[in-house]
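A quick write-up on the structure given underneath.
The values are calculated or read from the model by the stated rules, or taken from the named source; none is laboratory data. Predicted model only: the values in this text are computed from it and were never measured. In this analysis, Cβ positions are derived from the backbone assuming ideal geometry, glycine residues included, and neighbour counts consider all displayed protein chains. In case anyone asks, the SASA skips ligands and DNA or RNA and just uses the protein heavy atoms, side chains included. Shrake-Rupley method; radii C 1.70, N 1.55, O 1.52, S 1.80 Å.
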Amino acid sequence: MASIRELRSRIRSVNSTKKITKAQELIATSRISKAQARVAAAKPYAEEMTSVLSELAGKSGSLDHPLLTERENPKRAAILVVSSDRGMCGGYNSNVLRETRELIQLLKSEGKEPVLYVMGQKGVDYFRFRGQDVAGSWTGFSQQPHHSDATAATETLVTLFEAGSQEYVTVDGAETHGVDELHIVYTRFVSMLSQSPEVRRMAPLVVEETDEAPSDAPDRNFTFEPGADTLLSALLPKYVATRVFAALLDSAASENAARRTAMKAATDNANDLAVSLSREANQLRQAQITSEISEIVGGAAALAN
């Protein structure tokens, strides 16, 4: 059985840990509402971009842009993995990495070579620890991403995709093969208690085209200059960047929600453990006091006799 000194040391340690987890819980809670607001604010832009591209696709003579064209015999597929820069967020990263592993196995079974691009230090550490090559990485913004962060990754991925696996392309001063597909693995924010890992193919992409508009929708009488084909080529990379940025915002909200849930559970467990250790220490101290009283009474009785 542990001594009172050991129990008190453990209680102090648990209380110190509880302060850290409680602080992390409060920080995550304060950031969730802002992250949710950013997700909601980015949604109208993404919807309008989709509407304009759908209109362009309808007026374009032929959908022969590289981002819209399926490749024959695709050989290489780029995977963009969105993870966190820091831990203490429960199963947030493990869920994303599990989906990534499954996607890698699927691509390999289809005869394609997966090429990893990672956002977030945890994802970079995970793959490098296991000896898997990471072709590119971006870190330091997982909790508060900006559009420029999405643009940096998008420029690299779109350049690789437009080159195709048959061609070489120079990226960050290094020459490498292009790719035939672009995939993204991220976490979709559902609610405070639910975050769902998602796998999406970004390219070749399918622009949503709707034949019938809702009755209350405003008329869209677009006039395109200099032309639908030219604008389609200019807007499709921006559309991919928009999807990446939306995934970053969703992931940031999911990370904060997962961290809040994990830190709240850790704080509650620390409280329960501190109470249990305090009760054990009190019982041990009470036993010692009882033993000391018994010795005193026995000694007094012996003297009296």
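How many residues does the stretch 94-106 contain that are open to solvent by less than 20 Å² (accessible area, probe 1.4 Å) and either in contact with a helix residue (DSSP H, G or I) (Cβ under 6 Å, 6 or more places away or on another chain) or touching a residue at least 60 places away in the same chain (Cβ under 8 Å) (or both)?
Of the residues in the stretch 94-106, the ones open to solvent by less than 20 Å² (accessible area, probe 1.4 Å) are 96-97, 100, 103-104.
If we keep only those that are either in contact with a helix residue (DSSP H, G or I) (Cβ under 6 Å, 6 or more places away or on another chain) or touching a residue at least 60 places away in the same chain (Cβ under 8 Å) (or both) too, we end up with 96-97, 100, 103.
So the answer is 4.
Suppose we filter the stretch 262-275 for residues that are open to solvent by 60 Å² or more (accessible area, probe 1.4 Å) and out of contact with any helix residue (DSSP H, G or I) (no Cβ under 8 Å at 6 or more places or on another chain); how many remain?
Qualifying residue count for the region: 4.
Considering only the stretch 147-179, state which residues are part of a loop (DSSP other than H, G, I, E, B) and buried (at least 23 other Cβ atoms within 10 Å of the Cβ).
VAL179
Select from the stretch 191-205 the residues that are open to solvent by 70 Å² or more (accessible area, probe 1.4 Å) and in contact (Cβ under 8 Å) with a residue 24 or more places away in the chain and write down the one among them that is nearest to MET119 (Cα to Cα). Reasoning before the result, please.
Within the stretch 191-205, the subset open to solvent by 70 Å² or more (accessible area, probe 1.4 Å) is 193, 200-201.
Narrowing the set further to residues that are in contact (Cβ under 8 Å) with a residue 24 or more places away in the chain leaves 193, 200.
Working: LEU193: 23, ARG200: 16 Å.
Here the residue is ARG200.
Got a number for residues in the stretch 178-197 being basic (Lys, Arg) and farther than 25 Å from GLU110 by Cβ? Break it down into steps so the answer makes sense when it comes.
Restricting attention to the stretch 178-197, the residues satisfying the condition of being basic (Lys, Arg) are 188.
Add one more test, that the residue is farther than 25 Å from GLU110 by Cβ, and what stays is none.
Number of matching residues: 0.
Which members of the stretch 111-146 meet the condition of being basic (Lys, Arg), surrounded by 18 or more Cβ atoms within 10 Å (Cβ to Cβ) and either part of a helix (DSSP H, G or I) or free of Cβ contacts under 8 Å to residues at least 12 places away in the same chain (or both)?
Answer for the stretch 111-146, where residues must be basic (Lys, Arg), surrounded by 18 or more Cβ atoms within 10 Å (Cβ to Cβ) and either part of a helix (DSSP H, G or I) or free of Cβ contacts under 8 Å to residues at least 12 places away in the same chain (or both): just LYS122.
Is it the case, given these coordinates, that LYS18 is closer than 24 Å to THR242 by Cβ and open to solvent by 20 Å² or more (accessible area, probe 1.4 Å)? Outline the logic, then answer.
Details: closer than 24 Å to THR242 by Cβ: no; open to solvent by 20 Å² or more (accessible area, probe 1.4 Å): yes.
Against the criterion (closer than 24 Å to THR242 by Cβ and open to solvent by 20 Å² or more (accessible area, probe 1.4 Å)), LYS18 does not qualify.
Across the stretch 10-49, what is the total count of residues that are without any contact (Cβ under 8 Å) to a residue 24 or more places away in the chain, closer than 14 Å to ALA270 by Cα and of a type in the set (S, T, N, Q)?
Result for the stretch 10-49: 2.
In the stretch 151-205, what residues are among the small types (Gly, Ala, Ser), farther than 23 Å from THR242 by Cβ and under 24 Å from the mean Cα position of the chain (by Cα)?
SER191, SER194
Any residue that is among the hydrophobic types (A, V, I, L, M, F, W, C), in contact with a Pro (Cβ under 8 Å, 6 or more places away or on another chain) and under 30 Å from GLU25 (Cα atoms) - is there at least one of those in the stretch 133-150?
Looking for residues that are among the hydrophobic types (A, V, I, L, M, F, W, C), in contact with a Pro (Cβ under 8 Å, 6 or more places away or on another chain) and under 30 Å from GLU25 (Cα atoms), one finds none in the stretch 133-150, hence no.
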